[in-house]
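Below is one structure, written out as structure tokens; comments come after it.
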Amino acid sequence: TQSTRPQRILSAVQKNATRGDPRSVIRAIDQFCSQKEWAMNVGNEKGCILDSVVSEVNPATVLELGTYCGYSTVRIASLLPPYAKFITLEFNPDFAAVARQVIAWAGLEDKVQLVEGASSDWIPKIKEQFGIKTFDLVFLDHWKEHYLSDTKLMEECGLLRKGSVLLADNVICPGAPDYVEYVRSSPRYKSHYFRSHLEYTKAEDGLEKSVFLE
Ligand SMILES: Nc1ncnc2c1ncn2[C@@H]1O[C@H](/C=C/CNC(=O)c2cc([N+](=O)[O-])cc(O)c2O)[C@@H](O)[C@H]1O
Ligand SMILES: [Mg+2]
């Protein structure tokens, strides 16, 4: 049977990356997606901005919405302090299965908890299920029309504290206009746009960093 794109990405990792070496996993995916087959990973240019925000926040608790193949999961997990708790939500079981293997190939399976299911189902249960009070950093990279509703849900569930950082991918392409309007106009957030390019292309895209002010 025909393989799927995530399966082909996993094969590229298993063929070209060194087990236990997160940077080689990231490089193998970026090489495959720039030379062979485009895929919706945050990519290396925006990935470097992601890295700098993770390093600056140095989070003890992280939530990622939309694991896909685990590319950004590996980037984030490789920068976390040893005590950090990192949850990534993915509702497609096939993508989750690939992501688990990509994360394991990088040797980061002990740093990440990949939870299968929809963000709207899981966000209200995170406190009780995982003993997490609030998130220091949230990376939003799932369906763009869920960014705003899930952000409001996180607020309602008390998962954000003064200083929590939301980092959203794809501000321009595909875009999340209602989310961007909200975080830029709400007095409860201080937002900044990091201009960059859509992964593996010359098109404009960027990340929006929004600090929750309470
Ligand atoms: N509510 C939810 N709960 C859990 N997991 C969920 C979810 N909604 C979506 N997901 C998962 O998150 C990923 C979706 C990403 C959408 N990105 C995109 O559509 C996207 C598109 C382009 N693009 O078209 O250029 C570029 C990009 O960087 C992109 O992130 C998929 O793995 C999907 O299964
Ligand atoms: Mg994205």
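Please work out if Lys162 is more than 9 Å from ligand 1 (Cβ to nearest atom), more than 30 Å from Gln2 (Cα to Cα) and part of a helix (DSSP H, G or I). Spell out how you get there, then give the answer.
Values: more than 9 Å from ligand 1 (Cβ to nearest atom): yes; more than 30 Å from Gln2 (Cα to Cα): yes; part of a helix (DSSP H, G or I): no.
When the stated conditions are applied, Lys162 does not pass them.
Looking at Glu155, Glu128, Glu181, Glu199, can you tell me which residue is of a type in the set (Asp, Glu) and part of a loop (DSSP other than H, G, I, E, B)? Steps first, answer last, please.
Working: Glu155 fails: part of a loop (DSSP other than H, G, I, E, B); Glu128 fails: part of a loop (DSSP other than H, G, I, E, B); Glu181 fails: part of a loop (DSSP other than H, G, I, E, B).
None of the other options fit; the residue is Glu199.
Where residues in the range 1-33 are within 14 Å of ligand 1 (Cβ to nearest atom) and of a type outside the set (A, V, I, L, M, F, W, C), which of them is nearest to Ala203 (Cα to Cα)?
The selected residue is Asp30.
Quick test of your reading of the structure: Arg161 fulfils all but one of (1) more than 22 Å from Asp94 (Cβ to Cβ); (2) within 16 Å of ligand 2 (Cβ to nearest atom); (3) of a type in the set (D, E, K, R); (4) touching a residue at least 40 places away in the same chain (Cβ under 8 Å). Name the failing condition by number.
Failing condition for Arg161: (2).
Check Pro124, Pro93 and return the single one that is modelled with pLDDT of 95 or more and within 25 Å of Arg5 (Cβ to Cβ).
On the way: Pro124 fails: within 25 Å of Arg5 (Cβ to Cβ).
Selected residue: Pro93, the only one of Pro124, Pro93 that is modelled with pLDDT of 95 or more and within 25 Å of Arg5 (Cβ to Cβ).
Go through the range 55-79 and give me each residue that's more than 19 Å from Gly117 (Cβ to Cβ), hydrophobic (A, V, I, L, M, F, W, C) and in contact (Cβ under 8 Å) with a residue 60 or more places away in the chain.
Val57, Ala60, Ile76
Can you tell me how many residues in the range 1-27 are free of Cβ contacts under 8 Å to residues at least 40 places away in the same chain and under 18 Å from the mean Cα position of the chain (by Cα)? Step through it out loud before you land on a result.
To start, the set of residues in the range 1-27 that are free of Cβ contacts under 8 Å to residues at least 40 places away in the same chain comprises 1-3, 5, 8, 11-12, 15-16, 18, 24, 27.
Then drop every residue that is not under 18 Å from the mean Cα position of the chain (by Cα), which leaves 27.
Total satisfying the criteria: 1.
Picking from Asp150, Asp169, Asp121, Asp110, which residue would you name as being acidic (Asp, Glu), out of contact with any Ser or Thr (no Cβ under 9 Å at 6 or more places or on another chain) and within 14 Å of ligand 1 (Cβ to nearest atom)? Explain how you work it out, then say what you get.
Details: Asp150 fails: out of contact with any Ser or Thr (no Cβ under 9 Å at 6 or more places or on another chain); Asp169 fails: out of contact with any Ser or Thr (no Cβ under 9 Å at 6 or more places or on another chain); Asp110 fails: within 14 Å of ligand 1 (Cβ to nearest atom).
The unique qualifying residue is Asp121.
From Phe130, Phe139, Phe194, which residue is aromatic (Phe, Trp, Tyr) and within 18 Å of Tyr71 (Cα to Cα)?
Of the residues listed, the single one that is aromatic (Phe, Trp, Tyr) and within 18 Å of Tyr71 (Cα to Cα) is Phe139.
Gly70 versus (1) within 17 Å of Leu207 (Cβ to Cβ); (2) buried (at least 23 other Cβ atoms within 10 Å of the Cβ); (3) within 16 Å of ligand 2 (Cβ to nearest atom): which is the lone unmet condition?
Unmet condition: (1).
Restricting to the range 27-38, name every residue that is part of a helix (DSSP H, G or I) and touching a Phe, Trp or Tyr at 6+ places or on another chain (Cβ under 7 Å).
Restricting attention to the range 27-38, the residues satisfying the condition of being part of a helix (DSSP H, G or I) are 27-35.
Those that are part of a helix (DSSP H, G or I) and touching a Phe, Trp or Tyr at 6+ places or on another chain (Cβ under 7 Å): Ile29, Cys33, Ser34.
Suppose the filter is in contact with a strand residue (DSSP E or B) (Cβ under 9 Å, 6 or more places away or on another chain) and either over 23 Å from Lys46 (Cα atoms) or more than 14 Å from ligand 1 (Cβ to nearest atom) (or both); does Glu128 pass it?
On the way: in contact with a strand residue (DSSP E or B) (Cβ under 9 Å, 6 or more places away or on another chain): no; either over 23 Å from Lys46 (Cα atoms) or more than 14 Å from ligand 1 (Cβ to nearest atom) (or both): yes.
Against the criterion (in contact with a strand residue (DSSP E or B) (Cβ under 9 Å, 6 or more places away or on another chain) and either over 23 Å from Lys46 (Cα atoms) or more than 14 Å from ligand 1 (Cβ to nearest atom) (or both)), Glu128 does not qualify.
The values are calculated or read from the model by the stated rules, or taken from the named source; none is laboratory data. Here the structure is a predicted model, which means the values were calculated and not measured. Heads up, the Cβs are rebuilt from the backbone with ideal geometry, glycines too, and the neighbour counts pull from every protein chain shown.
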